[in-house]
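The values are calculated or read from the model by the stated rules, or taken from the named source; none is laboratory data. The structure presented is a predicted model; accordingly, all values stated were derived computationally and were not measured. Cβ atoms come from the backbone with ideal geometry, glycine included; neighbour counts cover every protein chain shown.
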Amino acid sequence: MPLILCIETATKLCSVASSRDGVVLAARDLESDQHVHAEKVNVFIDAVMTEAGTRLNDLDAVAVGIGPGSYTGLRIGLSAAKGLCYALDIPIIGISTLRTLHDSARAQQPTLSVDAWPMIDARRMEVFTQRFSVNGQGIDAPVPLVLDEDRAVSFSPALVFGDGADKAGDLWLREGITHIPGIRPHASAMAQEAERRYAQGAFDDVAYLVPTYGKAANITQPKKKSVD
């Protein structure tokens, strides 16, 4: 029965959980606009290991959210996960944050009768999203989309959730769309997917696993100072 540490930092939620055989033993979550991931992720790792009565040396693998989502948050979570995997010589399992967001919703509503669209806030009216079938299979690749009236109509019939869906609540007030507010990609929802991947030996390369940012970074050059 593998002991797996799960880390999810792709959104404003900093979330860590430990699980054994797919069952969550302990979890810590904090959602903040201050992006406290760098400050809290290692504190949360220590807390969940202590609460579960386990040590880092007991870990069999680390599962980590790989996005899409925040550039800074993803780098912090992946750095923590890789550091542990290198030091302990254990495998790493990269899990889509949209998959975890979907599984978080499914934990609240196990039976789905329509396709699900987990949505991660990508600022302004843009979101990262992916369609999941009623049996939980991801369809197509994750994409960034700008939400508007026409786009909202195209989702019907569907279930929408996540911080990306929450910011556009008025768009979902139409027949055929059900919006579940407050769903977040909790690390505890990674446990079963991490266990499945572990059982299959479907590990990632610790050296080459990178985040799925979703889109290129918006990097601007500083203005040149005028010379008097």
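Filtering the range 101-156 to residues that are within 25 Å of P211 (Cβ to Cβ) and among the β-branched types (V, I, T) leaves I120, V127, T129, I139, V143, V146.
Screening the range 118-138 for residues that are more than 14 Å from the chain's Cα centre (by Cα) and under 19 Å from G65 (Cα atoms) and picking the one that is surrounded by the fewest Cβ atoms within 10 Å (Cβ to Cβ) gives Q137. Against the test of being surrounded by 12 or more Cβ atoms within 10 Å (Cβ to Cβ) and more than 28 Å from L5 (Cβ to Cβ), the options F155, F203 yield a single qualifying residue, F155.
Which helices (runs of 4 or more DSSP H) sit wholly inside the range 83-172 and have at least 3 residues that are at pLDDT 90 or above and of a type in the set (A, V, I, L, M)?
Numbers: elements: 97-108, 149-155, 163-166.
Once the helices (runs of 4 or more DSSP H) in the range 83-172 are filtered for at least 3 residues that are at pLDDT 90 or above and of a type in the set (A, V, I, L, M), what remains is 97-108.
Looking at T54, T50, T72, T11, which one is hydroxyl-bearing (S, T, Y), at negative phi and buried (at least 18 other Cβ atoms within 10 Å of the Cβ)? Can you show your working first?
Values: T54 fails: buried (at least 18 other Cβ atoms within 10 Å of the Cβ); T50 fails: buried (at least 18 other Cβ atoms within 10 Å of the Cβ); T72 fails: buried (at least 18 other Cβ atoms within 10 Å of the Cβ).
Of the residues listed, the single one that is hydroxyl-bearing (S, T, Y), at negative phi and buried (at least 18 other Cβ atoms within 10 Å of the Cβ) is T11.
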